[in-house]
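These notes are about the structure you will find just below.
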Amino acid sequence: MDIPSVKMYIETSLHNPQTGRGAGMWIIEHERDGEPRTKEGFVYGENTRENELALKCLINMFFLLGRSYMKTGFADIFTGCGQVAESMAAGQLKKWKRSGWKNAKGKPLANAELWEQASGRMEPYTVSFIKGRHDYSDYMEYRIKKELERRRKNV
């Protein structure tokens, strides 16, 4: 029996260390009944950073994944957010969890609640992070720009 797998993509309008109003977009790419499918969504934040938006995207994707598509399996996550991708690749999430969501200096981890939520949602999956541009980067950057323009007009 094949183990289910998905590809996930994250882009944000903000890039470290920039803080401000921003949006993140996520895409889940999977197969259903042998047919390729995608699902996408947005997250928003005021006075936020790239890593916060990326973590919110992760939480949303894994919430949807667990409810609708698969309860366990493999997930490849492509993101331009260096802090999230590099922290995950370096095994920081496990260290922070063991330390009670504190950093190496013993101080509370920035965005601890988001890291903790993301950790819980990802737990049943085997996850790998790939940092950098991906097949959806241009599309997602365009969609984020249009979504932010739409939201500004409606405010």
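The values are calculated or read from the model by the stated rules, or taken from the named source; none is laboratory data. What you see is a predicted model; the values in this text were computed from it and never measured. Cβ coordinates were reconstructed from backbone atoms using ideal geometry, including for glycine residues, and neighbour counts include every protein chain displayed. Protein only, heavy atoms only, side chains kept; ligands, DNA and RNA dropped before computing areas. Shrake-Rupley method; radii C 1.70, N 1.55, O 1.52, S 1.80 Å.
The criterion of being closer than 24 Å to Glu149 by Cβ, over 12 Å from the mean Cα position of the chain (by Cα), of a type outside the set (A, V, I, L, M) and open to solvent by 20 Å² or more (accessible area, probe 1.4 Å) does not hold for Asn60. Within the option set Arg67, Arg98, Arg21, Arg49, being closer than 19 Å to Tyr125 by Cβ and out of contact with any His (no Cβ under 8 Å at 6 or more places or on another chain) holds for one residue only, Arg67. Scanning segment 55-96 for residues that are without any contact (Cβ under 8 Å) to a residue 40 or more places away in the chain and more than 13 Å from Glu116 (Cα to Cα) yields a total of 7. Considering segment 26-57, the residues that are open to solvent by 80 Å² or more (accessible area, probe 1.4 Å) and among the charged types (D, E, K, R) include one that is nearest to Gly132 (Cα to Cα), namely Arg49.
Note on segment 121-140: residues that are of a type outside the set (Ser, Thr, Tyr), out of contact with any helix residue (DSSP H, G or I) (no Cβ under 6 Å at 6 or more places or on another chain) and assigned to a helix (DSSP H, G or I) amount to 2. Quick check on Ala75: is it out of contact with any strand residue (DSSP E or B) (no Cβ under 7 Å at 6 or more places or on another chain) and of a type in the set (A, V, I, L, M)? Taking the combined requirement at face value, the residue does not satisfy it. Under the condition of being part of a strand (DSSP E or B) and surrounded by 13 or more Cβ atoms within 10 Å (Cβ to Cβ), the residues counted in segment 92-120 number 1. Here Arg143 meets the list (1) closer than 20 Å to His30 by Cβ; (2) open to solvent by less than 40 Å² (accessible area, probe 1.4 Å); (3) touching a strand residue (DSSP E or B) at 6+ places or on another chain (Cβ under 9 Å); (4) part of a helix (DSSP H, G or I) almost entirely, failing just condition (2). Among the numbered conditions (1) more than 18 Å from the chain's Cα centre (by Cα); (2) modelled with pLDDT of 95 or more, the only one that Asn154 does not meet is (2). Within segment 45-91, being among the acidic types (Asp, Glu) and either part of a strand (DSSP E or B) or within 19 Å of Arg32 (Cβ to Cβ) (or both) holds for Glu46, Asp76.
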